[in-house]
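This report refers to the structure that appears directly beneath it.
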Amino acid sequence: REVWGEMSMKILIVSDTHRRDAALRDLIEDLKPFDMFIHLGDAEGSESKYAEWVNPTCRMEMVRGNNDFFSMLDKEREIRIGGHRALLTHGHLYNVSLGPEQLKREALARGCDIAMFGHTHKPYLKRSEDIIVLNPGSLSFPRQGGRQPSYIVMEITDRDEVRIRQEYLE
């Protein structure tokens, strides 16, 4: 896939949709195809629908949130994205409502250079020399100032450069 003038991997990252799926379905339709779709928890049972909405070649990565009571999804996952290792978690088990420091320490201890979380319904993106920590916010119940539904599009270039766009729905 050619993006920004070079070959890259395109990833859609969302969280905290809480069964309010219209915005996510429309977003996927507008932005696909993707190489990967990541949901960071609190889909509340809708996760079985997502495979029908994304393109057939899209890799799906999802974790269980604190409101996913009957989900069989893992509570966290460590995955490879290009040459990067990412820790995916909803975040409530790492007290992210108080800040991402505990999650950041855990991700670094596991050799990850990307940590992704949800739970707070607030977008967050912080890059340091050793790790990228991000939260796409919520498409359904945003809690940050302005309360705009949000998501992230991540691109991994053919040189393994990570490009991140925090996006908002109108």
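May I ask you to derive the relative contact order of the chain, considering only C-alpha pairs under 8 Å and at least 6 residues apart, and to give it as an integer percent?
Values: 393 pairs, mean separation 39.1, N = 170.
Relative contact order of the chain: 23 percent.
Rolling a 1.4 angstrom probe over the protein chains, ignoring ligands and nucleic acids, what is the accessible area of GLU47 in square angstrom, nearest 10?
For GLU47, solvent-accessible area is about 40 Å².
Among the aspartates and glutamates, which have Cα under 16 Å from the Cα of LYS104 when same-chain residues fewer than 8 positions away are ignored?
GLU76, GLU78, ASP113, GLU129, ASP130
Counting only protein heavy atoms and a 1.4 Å probe, tell me what percentage of segment 24-170's accessible area is made up of carbon and sulfur. Before the final figure, lay out each step's value.
Values: 3400 of 7190 Å².
Summing carbon and sulfur atoms, their accessible area is 47 percent of the total for segment 24-170.
With labels modelled as points extended 7 Å from the Cα through the Cβ direction, what inter-label distance (nm, one decimal) is found for ASP160 paired with ARG110?
Here the modelled spin labels are 1.9 nm apart.
Using 1/(1 + (r/R0)^6) with R0 = 35 angstrom and r between the beta carbons of SER48 and ASP130, what's the FRET efficiency to the nearest 0.05? Mind showing how you got there, number by number?
Numbers: r = 36 Å, r/R0 = 1.04.
E(calc), rounded to 0.05, equals 0.45.
Loop only per DSSP, at most 15 neighbouring Cβ atoms within 10 Å: give me the chymotrypsin sites (Phe, Trp or Tyr not before Pro) in segment 23-109, ordered by residue number.
Loop-located and lightly packed - PHE69, PHE70.
Give, in nm to one decimal, the length gained when the segment between GLU170 and ARG20 is fully stretched (0.36 nm per residue of separation minus the Cα-Cα distance). Write out the running numbers ahead of the final one.
Details: separation 150, 0.36 × 150 = 54.00 nm, distance 1.64 nm.
Roughly 52.4 nm would be gained on extension.
With n ≥ 4 as the cut-off for DSSP H runs, can you work out [θ] at 222 nm for the chain, using -39500 (n - 2.57) per run divided by the number of residues, rounded to the nearest 500?
On the way: 3 runs with 26 residues, N = 170.
Calculated from helices alone, the mean residue ellipticity at 222 nm is -4000 deg cm²/dmol.
With the other protein chains left in place, how much accessible area per residue, in square angstrom, belongs to the chain at a 1.4 angstrom probe? Each step should come with its number before you reach the end.
On the way: 8270 Å² over 170 residues.
Ligands and nucleic acids excluded, the result is 49 Å² per residue.
Put +1 on the Cβ of every Lys and Arg and -1 on every Asp and Glu Cβ in the chain; which of PRO56, PRO123, HIS39 then has its Cα farthest towards the positive end of the dipole?
PRO123
Can you match Rg/Rh (Cα atoms, Kirkwood Rh) to one of these, (i) 1.00; (ii) 0.97; (iii) 0.93, based on a calculation from the structure here?
Recomputing Rg/Rh (Cα atoms, Kirkwood Rh) here gives the entry labelled (iii).
Given Cβ point charges of +1 (Lys, Arg) and -1 (Asp, Glu) and nothing else, what value in debye, to the nearest 20, does the dipole of the chain about its Cα centre take?
Details: 24 positive and 28 negative charges, 73 e Å.
Dipole size: approximately 340 debye.
Is there a quick way to get the dipole size of segment 40-118? I mean about its Cα centre, with the Cβ of Lys and Arg at +1 and of Asp and Glu at -1; what is the value in debye to the nearest 20? List each step's numbers first, then the result.
Values: 10 positive and 12 negative charges, 56 e Å.
Magnitude of the dipole: close to 280 debye.
The values are calculated or read from the model by the stated rules, or taken from the named source; none is laboratory data. Computed from a predicted structure; not experimentally measured. FYI the Cβ positions are ideal-geometry reconstructions off the backbone, even for glycines, and counts take in every protein chain you see. Ligands, DNA and RNA are excluded from the accessible area calculation, which covers all protein heavy atoms including side chains. Shrake-Rupley method; radii C 1.70, N 1.55, O 1.52, S 1.80 Å.
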